Each structure stands twice: as C-alpha cells, then as structure tokens.
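Presented below is the structure to which this report refers.
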Amino acid sequence: MSKSILEFEPKALWKHFGEICKIYRESGHENAIRDFLISFADRLGLSHKSDAKGNLVIKKGAANSKSEKTIILQAHIDMVCVKGEGSGHDFTKDPIVPVIEDGWVTAKSETTLGADDGISIAAYMSIMEAGDIVHGPLEFLFTVEEETGLHGATALDPSLITGDLMINTDSEEEGCLTIGCAGEETLSVSHPILREQVHKSFSGIKVHIGGLLGGHSGLEIIKQRANAIKLMARIFAKLDAKFDVRLSDFEGGVRRNAIPDRATMHLAVKEHDRQAVIDTISGCAGQIKNEYSVSDPGFKIEFGECAIQDVIAHEYGRVAMGFVNSIYNGVVRMSDTVPGLVETSTNVGVIKCKDGRLEMQISTRSSVDSEKKAANGSIRSIASLAGIEPAVLGGYPGWKPDVNSKLLSLTKKTYFDLFGKEPRVIAVHAGLECGIVGEKRAGMEMISYGPEIHGAHSTSEKVEIKSVEKFYKLTLELLRRLAA
C-alpha cells in the first residue's frame, strides 16, 4: 500500500506538489507562493517578471528544438481555503497534509487539498527543471486571485505574454478538452438593518444547518445540491407565518463561488412558544431531508441555546429573509446546443448580519451574456421591492468555443495516440481565465484540460492519481508536437 505521494509518477510533480501544500496561498495572499516560484526560477536561471497585480510569468527557452513558436502554459496560484466544522486547521501556518485513499489523494484534517490548481503549478515546475524533454519557447503564466473572481487575469498586463497559443490546465475532468466557459457576475448586497432591544419575554434559540456537500457553484450546480442559506430562509418563513419570532443573527456560506454547506440562525422566540418552534423546525428538517436524500444525505439541523441582547427590528428581518427566500437559486436554463451543459445559473453564496448591515453575495453564471444580465435583472427587481439596491461586485467574460481550432485538432490527436480513445470536447459552466486572457491577445488559440479532481472548493476535494500521470504525459507530448 502506498504511504506517500512521492511514490507516484511523475515523481518530480508529486515532490513539488508536496512542497506547495506547505505554503499558504489563499486568494489575496499569494506572496509566499509567488516568492517560492521566483526563487525556483532563479535557481534554474530562468527569467521572470510580475505585473502590478502580482501575476507572474516565468520564461524558458526552447529545449531540444529550433521552434520559435512560443506556447503559454497558464495556471492560477491561489486556492480556496475551506475546512470542516470543528477542524482546528489554520491555513496561515498549518501545512495541508496529502493522504492517499483508494487511488486518490485528498487532505487530512478535513480541508480543501488545493489540487485546484496546485497540480498544475507542480507540473510546470517539473517542466521548468527538466532537461530531457522537447519544447519550443515557453511562458509559464501564473495568475492570482482566480478563485475570488478571476481578478488576476482581469488585471493582467498583456505585455507579460507574447505567445499566440495557450494551454490552460485548470479543468477538472480527465479525458475532456475544454474549449469554452461561462462568464460570471456577482451582485453584492450591503443593506442597513435596524436593531432593537429584545423583550424579556423572549429567549434565544440557535439553529444550525450542516452536513451538506456544498461544492463548486458552477461545475456542481447541475447536481441540485441543497443551499444552506436558502434552506434557512425557508425555515424562517415557516416560523414567521406561525409565531412571533425575531431574527437576531444569520450567517451562511464561505465563498460566493461555493454552494453553501452550512448556515446558522439566532432567533428570539417567546418562551411559551419555544417547544412549538423547535417542533416546527424539526418538521421542516424532516421534509428537507426527504427532498435531498440523494444529493445531500448528510443534511442535519442542530439546536442550541444562545444569549440574545438585541434583535433585528421585525419588519427589517422579515424583508431581509423574504428577499433571500425569493431569489431563485440553481439551474436557470440548460443549453440547447451543448447536451448536458448548464447555460445559466444563480448561487446565493454568502450572507451575514454584521455591524448593522445585511451583507450578501449572489453569483450568476452564463455562457450567454444576455441571459446573465436577465438573471441579474430579475434579482435586482426582487431587491427593489424590498428596498435593497445590489451593486456589481465583479465579473468576467465567457470564452466562445472554436470547434475549428488547429490547437484543438492537434490536442485531440495527441490524446488519442497516447491513450487509444477519443477525448470529449466540452464547454463548462464555470469560470476559466481563458476568456479574459484571450481578450488581451486577440486571435490567440486556447485549450484547457487537467487531471480528474472531485469536490473542488470543498473539504471533500480529491485528485485521482492515475489521471495526474496521464495529464502530465499529454502536456509533454503536446509540447513536443507543437515544437515540430
């Protein structure tokens, strides 16, 4: 039985991935990983340059080839840092510990693994130091803040890159070649809420939803997993219709681009209604568990006592929760042209009551720009009825597929020659930096692929070991053929 990732092929890649796992690299905190890569490049004598945003390009000249065609290899250096409830892991100082389970690598201590996009970083480091592979001039483009809205790619100084072909390795299904992706726009809500003292006849109840699978709000939205924020708003609406309840606090979700797997609500209820309120919530929980028995079998609701000093004024609380309850969450429309592809979706990603304000982030994705705008227009209309004015937090363009791309044709043939089967050619309902980088270099051909990664952005994240070896072989052979 394998005990260490260092036993797997390619050994250099896994060695580098193990080192990357020791480095804190949450979005917005990429200095340590960038410095690590710069030091690595310096040791190899490779030139490098960064832009004002912190994006990094490392250049390597042609090896065993006279080709002058520059290829861009592109990955992001940040990761989503999520840990399980009760986990004592501190990403700022504790290393991620890879563990091996049935042919997959996952993380110890219930944390994200960072294979998204750490495997790509490790692969590029292996290519940088290798002296026995064939390739033309290479530009390794490492972007920052991908996970929080592709901000690094958006701010990329185009003078950093010169290639006209780009291989992005941020896809998560082995055997699939991605040639298009969805654009995204996030609406941000920051709305004042009036607080008032709670009457002494009220006591506090803490309600917590947990045990949900969560996951990537683009790639896994099609699985119709439960959204903890929406479930909690649904429960509040049920209670508000039957009892005199007051909302004191509400918090759920951790990232705008992750399906919320937890939410907590603090309620003030009249003491004589306390048991009836708990019974009603338990009844709702039974219904929800039945509805999501397949997609979220671990769903649970827990109760506890909490001390409450003040509450959100009743009408403010009702309006806020009514707004949350009214927003559509999930798949809005499937593609008519690409079978199985989600075309448009929304995700209520984050909510909190903080410093006298209701704060929310709602992410809308679509491969059709007009549909994205229409979906957000619907949210804005609902918000206006509640007296709430959302602002655009950020967004990025999609990537229009080019089925006639020469790079696609070569990659398909290379994959078939290596593995004896045709790869699938797809577009994805997720953000890839190709759309943004492609806009900065008009006419550039692009393709995206990667190893098999499940549960990205969640504590169940894992990468298939065999797929990593195939991913690396494909990259080396593709570079060799492009250098011919």
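The values are calculated or read from the model by the stated rules, or taken from the named source; none is laboratory data. What you see is a predicted model; the values in this text were computed from it and never measured. Glycine also receives a Cβ, built like all others from the backbone with ideal geometry; neighbour counts cover every protein chain displayed.
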Scanning region 10-43 for residues that are assigned to a loop (DSSP other than H, G, I, E, B) and over 13 Å from A122 (Cβ atoms) gives Y24, S27, G28, H29, E30
Has region 312-330 got any residue that is in contact with a Phe, Trp or Tyr (Cβ under 6 Å, 6 or more places away or on another chain) and either crowded, with 21+ Cβ neighbours inside 10 Å or in the same structural domain as E220 (by TED's automatic domain parsing) (or both)?
yes
N347 is checked against (1) in the same structural domain as Q197 (by TED's automatic domain parsing); (2) touching a residue at least 40 places away in the same chain (Cβ under 8 Å); (3) part of a loop (DSSP other than H, G, I, E, B) and fails just one. What number does that condition carry?
(3)
For region 251-272, pairs from a residue that is in the same structural domain as G218 (by TED's automatic domain parsing) and more than 11 Å from L231 (Cα to Cα) to a residue that is part of a loop (DSSP other than H, G, I, E, B) and among the acidic types (D, E), with Cβ under 6 Å and 6 or more apart or across chains, are K270/D244
Return a yes/no flag: does region 263-286 have any residue that is surrounded by fewer than 18 Cβ atoms within 10 Å (Cβ to Cβ) and in a loop (DSSP other than H, G, I, E, B).
no
Cross-chain or 6+ apart pairs with Cβ under 6 Å, region 190-202 first and among the small types (G, A, S), then surrounded by 14 or more Cβ atoms within 10 Å (Cβ to Cβ)
S190/E359; S201/K270
Yes/no for R357 being among the basic types (K, R), touching a helix residue (DSSP H, G or I) at 6+ places or on another chain (Cβ under 9 Å) and at pLDDT below 95:
no
Quick one: E359 ticks every box in (1) crowded, with 17+ Cβ neighbours inside 10 Å; (2) of a type outside the set (F, W, Y); (3) in contact with a Cys (Cβ under 9 Å, 6 or more places away or on another chain) except a single one, so which number is it?
(1)
Test: K372 is under 21 Å from M166 (Cβ atoms) and not small (G, A, S)
no
Consider region 448-484. How many of its residues are in contact with a Phe, Trp or Tyr (Cβ under 8 Å, 6 or more places away or on another chain) and among the aromatic types (F, W, Y)?
2
Considering residues of region 150-206 that are aliphatic (A, V, I, L, M) and more than 27 Å from the chain's Cα centre (by Cα) only, the residue surrounded by the most Cβ atoms within 10 Å (Cβ to Cβ)
I205
Say we look at region 303-344 and pick out the residues that are of a type in the set (A, V, I, L, M) and at pLDDT below 90; which of these is nearest to M265 (Cα to Cα)?
L341
So how many residues does region 91-102 have that are out of contact with any Ser or Thr (no Cβ under 9 Å at 6 or more places or on another chain) and either touching a residue at least 60 places away in the same chain (Cβ under 8 Å) or surrounded by 15 or more Cβ atoms within 10 Å (Cβ to Cβ) (or both)?
4
In the list V97, V80, which residue meets the criterion of being touching a helix residue (DSSP H, G or I) at 6+ places or on another chain (Cβ under 9 Å), over 30 Å from I133 (Cα atoms) and of a type outside the set (K, R)?
V80
Working only within region 272-307, note down all residues that are among the charged types (D, E, K, R) and under 25 Å from the mean Cα position of the chain (by Cα).
D296, K300
Take the residues of region 390-407 that are over 17 Å from C181 (Cβ atoms), loosely packed, with under 12 Cβ neighbours inside 10 Å and touching a residue at least 60 places away in the same chain (Cβ under 8 Å): which is nearest to the chain's Cα centre (by Cα)?
V392
Which condition number in (1) touching an Asp or Glu at 6+ places or on another chain (Cβ under 6 Å); (2) among the small types (G, A, S); (3) free of Cβ contacts under 8 Å to residues at least 24 places away in the same chain is the one that G88 fails?
(1)
Among the residues in region 43-50, are any at pLDDT 95 or above and within 28 Å of I465 (Cα to Cα)?
yes
